[in-house]
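J.: Structure provided below as structure tokens; questions to follow.
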Amino acid sequence: FYIFTRFAQFQRLIQAMKEYFPAFTSLQLSEWGPYLREFCTEQIHWGVLPLVFIGVWSGLKRRDIFVQLSFFALVVLFLQNLITTRHYPVNARILPLLAFFAAVGVSNLLNSASAFRRILILVYTAAVLSSSALQTDLYRKLHRSSSNIDQAGLWINQNVGPKESLGAWGKGFAPFDFPAVRFLDHSIIAIPHLHELDSSQPDPKKMPDILVLVSPYGEELETLSRSKFVTEHYETAASWSSPESFSGLKFKSSLVKAGNWPVYILRKKQKSFAQKSVEGLFFKFSKTVSSERLAYAFARSKRAPHSGERVFENLKNNSSTDFFYKEPLNV
């Protein structure tokens with residue numbers, strides 16, 4: 001519209017888009033594949049595409065002027081989003097056109113088919129419409145309010161004390177990864193990402209009391225079992241699962257960033273009195289062993305012609321915890 005009526009305003013619009021979205025002027029071909037795949041799985045049901053192609057082909061073959069104009073608008077709008085922003089909500093403009101071409105395709109098939117083929121066409125169309133309706137219902141649930149992440153925030157505000165600490169994955173609080181809580185009421189501890197916890201081996205005493213774990217759809221168990229450190233030192237205090245479709249069918253939704261991803265609130269495990277007692281005895285024993293090792297090393301260094309680094313050599317050579325039983329030691 002602006003190209004033909006207000007070209008100067010169209011130019012200003014393009015300049016504004018370029019400033020707001022720098023990728024607007026770059027093709028970024030590497031993103032075309034994922035974008036097209038999500039378009040055919042999340043935005044529309046893949047079963048609609050054959051009906052759309054048949055509708056376009058039959059309309060262009062008949063040289064129907066309305067079909068030709070509609071197809072031109074479909075191509076322009078689809079390519080405009082594909083080449084520039086690749087923003088999924090922008091494709092809402094072409095959904096009515098896709099529905100129109102699908103209806104034209106079904107009508108053309110029914111008019112040129114025999115009685116038996118009409119039954120097959122109607123069954124296929126009913127299956128596609130049912131699947132699309134179920135997929136739409138699932139996505140409506142995914143974007144419901146209040147979301148899982150909102151409910152997790154309310155739970156933390158009500159059940160987590162002001163002296164308990166919260167963990168910040170990667171030193172940040174992304175809106176889709178962490179709920180809105182009273183941050184000033186808690187101490188915030190920066191921790192490594194989940195996949196880095198086992199390799200970094202942080203001190204459990206310095207870890208936060210509360211962890212919020214957000215998992216992608218369909219990967220709840222995989223996410224929880226991804227870190228041995230988390231499973232050993234934390235337990236689930238509250239959880240919210242992702243909504244499921246009415247029929248139980250699984251629809252692809254990995255890139256639909258809603259607040260209804262599976263959310264887990266993990267609280268640090270409280271050690272029992274017996275565990276604390278055993279750890280205390282072990283700590284005292286380890287200190288005794290360390291002092292015995294040090295005394296033994298100094299004793300051997302005195303008998304040796306060297307000293308200084310000799311102590312550390314003896315410590316290294318006698319690293320076993322039962323070394324002081326091998327030779328009598330008088331200190």
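J.: Among rounded, prolate and oblate, which fits region 29-174 when a ≥ b ≥ c are the square roots of the eigenvalues of its C-alpha gyration tensor, a/c under 1.5 means rounded, and a/b larger than b/c means prolate?
T.: Working: a/c = 3.88, a/b = 2.12, b/c = 1.83.
Since a/c reaches 1.5 and a/b is larger than b/c, the shape of region 29-174 is classed as prolate.
J.: In nm, what is the difference between 0.36 nm times the number of residues separating Leu129 and Leu95 and their Cα-Cα distance? Working shown, then result.
T.: Details: separation 34, 0.36 × 34 = 12.24 nm, distance 1.41 nm.
Full extension from Leu129 to Leu95 adds 10.8 nm.
J.: Extending each Cα 7 Å along its Cβ direction at Ile119 and Lys269, get the distance between those two points in nm, one decimal.
T.: 6.2 nm
J.: Please go through region 1-110 and write out the trypsin sites (Lys or Arg not before Pro) that DSSP classes as loop and that have at most 10 other C-beta atoms within 10 Å. Don't skip to the answer; put the middle values down first.
T.: Numbers: sites: Arg6, Arg12, Lys18, Arg37, Lys61, Arg62, Arg63, Arg86, Arg93; in loops: Arg6, Arg63, Arg86.
Here the trypsin sites (Lys or Arg not before Pro) that fit, given the DSSP loop and packing criteria, are Arg63.
J.: Can you tell me the length gained on complete extension of the stretch Gln80 to Ile3, counting 0.36 nm per residue apart and subtracting the Cα distance?
T.: Values: separation 77, 0.36 × 77 = 27.72 nm, distance 1.37 nm.
Contour length minus the Cα-Cα distance gives 26.3 nm.
J.: May I pose another question? Relative to the present Cα-Cα distance, how much length would full extension add between Ser187 and Met17 at 0.36 nm per residue of separation?
T.: This chain segment gains 57.1 nm when fully extended.
None of the figures in this text is laboratory data; all of them are computed from the coordinates on show. This structure is a prediction, so every number in the text was calculated from the model and none was measured. Quick reminder, even Gly has a Cβ in these numbers, built from the backbone with ideal geometry, and neighbours come from all protein chains shown.
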